[in-house]
Amino acid sequence: MLKFIGRRAAFAAMTILIVSAVVFMIFSFLPFDPASLTCGQRCTDQIVEANRVRLGFDKPIYEQYWLFLSGIFAGRTYGAGSAAFTCPAPSFGYSFNENACVTDMIREALPITISLAIGALIMWLIVGIGLGIIAAKFKNRWPDTSSSVFVLLATSLPTFVTGLALLIWVTIKWKLVPLSLSGYTSLIDNPFKFMQYFILPWITLAIAYAAIYTRFTRAALLETLGEDYIRTARAKGVGERVVFFKHTLRAVLAPLITLAGLDFAGLIGGAIITETIFNLPGLGRLTLRSVYEFDLAVVLATTILAAVVVIVMNLIVDMLYAVLDPRVRIV
Amino acid sequence: MTELLRIEDLHVSFKTDDGMVRAVDGVSLTLNAGETVAIVGESGSGKTVTSLSVMGLHKKGQAEISGSISLSDHGTFKDVVHLSDDEIRDIRGRAVAMIFQDPMSSLHPYYKIGSQLAEGYLVHNRGKKKEAMARALEMLDLVGIPEPAKRAQEFPHQFSGGMRQRVMIAMALMNSPQILIADEPTTALDVTVQAQILALLSKLKKEFNMGILLITHDLGVVAQVADRVNVMYAGRIVEEGPVDDIFYSPLAPYTLGLLKSVPRVSKNNERLKAIPGQPPSLINLPVGCPFAPRCEYKQHSSEAGCNTTRPALLGTSSTHRSRCHVPEKLRHELFAKELKEVQG
């Protein structure tokens, strides 16, 4: 097991290195001068050149990449003398648009995105698997039919429609959830406010994903119910409830976990639409803003972060799979 | 001889979009303690449907079942067809157990062998976990699995096909059932392993004084282990009798066709003598004998009834009966000659 994790970690580190190199290269090919982007409205050539030197854009590309990499481990100081400023390790660069270290910006945005993703994940797993179980148990009867109506609606409605609808009806018309103006509060500081802040974004995301999970769970359960080993269980005299909730559900668990892990990883990369609708200053919005503003340091950092999350989640899913499915052995 | 199972006039049909499929159409048979009764027939002849009916494993609402399946629950007879779900569940695995065709897919891949075995015992003996595990080890040992205590902690994928079928047999024996239904128990196995499994079944039959209902399409298997044989075609029994009668003096043209189609090594470069044509669709069976379209002996039928009436199950002796319009005497002569030709 340890050997497996070690090897996979080395593999992950290499993948991340390649991803960062590729992203870095793409940015160096972009047809504009990164130094002039850092310059404000009243721009002179002197400022541009000074910034170029401060941010290291005057150096060759491989040296810039090296500075970027070493910054992650050792921190990085821009400029010299009294004008120098330092982004401590791990430094992913400096955003001139925001006048802040990228690491600090991510540090602010990440908890919001993680809270959003985890809450939505829990919600859609409960609703999706629950509905899937009900649909499979009552196949072709009204609970199944109504769940398939939900699936159809939820998969056809884009999140910006459900999100806006929730915002309009629940918050503005019915005033069930107050419009949060105070911003993000952490779960530990004030659980109630935290819930209020996230409940609608959670529901928005959960509706979309729950539909997929309902369909997946139903299909997987029905397929498993036709397996020979389910017939064996019945032949032993095992009751129908145990056959369903022990033998059948157990077999569906492993693929469900895989799906959930990968979807979760995708969300950490940024639920851009949901974050935008509900004005959540998370990673998705950070990425979106940086793309609009050509804030290359931030785009680079969030891209690499998204890659890291996907790789790490894959690793976790693989390990969980080995725990859940005895046929999968980790070597 | 103690009778364990008596199926009388069993009809099983399934509703499909194309119409009613009459999978089993008036089957009657008996099974006694200590004997092996085979049901032989090709795919779709209704042999598995018959056996699943005995286990009550057809889904309510999907299958329409009539007739009676009288089954001995350690002495008291119960009619499976008319039992409630709970009553059938109580019988399953305890009075009657079943082993299936494909041992590779018949064991749950996520549970340890020991706990899968123990579960079968626990279902009928609630709360007796220790006994269940001890029983599981005992049965694993009995079916010839070395180091049962160690193997019980392993998962199905760590067993070979033959070993898995042994596990299936051990599982079936957990509650010492009187009736064992073996649905093609050796079809998915290597020939060498087949022989071992068959020998094991015969040994256990004696030890437990069980009756075994053996479902197979393999005449070699039948010859090895069966005492009596029922040949099924298109949902009906076309011939029944002691194993020697079936093999040496078959009376139904279909049985003869089956015997003739057994490949032989003695003759070189000879084409297999397959029965021409296909089994009929069970949705709209012809009015006459269902085998008539494929039958080579139609012209010998004096009444020419092959295409108009279904032959009844008749026989001169009380044990050997068959369905055919051709006079029995004539069949005796014709079939004996043919068999001789084929078997050399």
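Coordinate-derived values only; no laboratory data. Small disclaimer: the values here were computed from a predicted structure and weren't measured. Note that each Cβ is placed from the backbone with ideal geometry, even for glycine, and that neighbours are counted across all protein chains shown.
Side notes on the structure shown:
- Pairs of lysine residues in chain A that meet both criteria, 8 or more places apart or on different chains and Cα atoms under 20 Å apart, total 4.
- The fewest-to-most ranking of A:Phe278, A:Phe29, A:Phe138 by surrounding Cβ atoms within 10 Å reads A:Phe29, A:Phe138, A:Phe278.
- Using a Förster distance of 25 Å, the FRET efficiency for B:Lys203-B:Asp244 (Cβ separation, nearest 0.05): 0.70
- Taking only Cα atoms of region B:137-280, radius of gyration then Dmax in Å: 17.8, 52
- Tensor-based shape of the protein assembly as shown (alpha-carbon gyration tensor, a/c under 1.5 rounded, otherwise prolate or oblate): prolate
- The loop-placed GluC sites (Glu not before Pro) in region A:191-260, going by DSSP, include none that has at most 15 neighbouring Cβ atoms within 10 Å of its Cβ.
- Most mobile of B:His11, B:His217, B:His58 in a GNM of chain B (Cα contacts under 10 Å): B:His58
- Averaged over the residues of A:225-232, the number of partner chain Cβ atoms lying within 10 Å of the residue Cβ comes to 6.
- Other protein chain Cβ atoms within 10 Å, averaged over every residue that makes up A:234-247: 6
- Under the combined filter of DSSP loop state and at most 15 neighbouring Cβ atoms within 10 Å, region A:41-143 retains these trypsin sites (Lys or Arg not before Pro): A:Arg42, A:Lys139, A:Arg141.
- The overall shape of region B:248-343, judged from the alpha-carbon gyration tensor, is oblate: a/c is not under 1.5, and a/b is no greater than b/c.
- GNM top mover of B:Glu42, B:Glu239, B:Glu87 - chain B, alpha-carbon springs below 10 Å: B:Glu87
- Region B:110-180 and region A:1-43 have their alpha-carbon centroids 56 Å apart.
- B:Tyr233, A:Tyr213 arranged by Cβ crowding within 10 Å, fewest neighbours leading: A:Tyr213, B:Tyr233
- One equal scatterer on each Cα of region A:1-88, no solvent, Debye formula: the resulting log10 I(q)/I(0) at q = 0.24, 0.26 Å⁻¹ is -1.27, -1.33.
- Cβ crowding within 10 Å, taken as a proxy for footprinting-reagent exposure, orders A:Phe27, A:Phe85 from fewest neighbours to most as A:Phe85, A:Phe27.
- Folded to 0 to 90 degrees: helix A:142-156 orientation relative to chain A principal axis, Cα: 20 degrees
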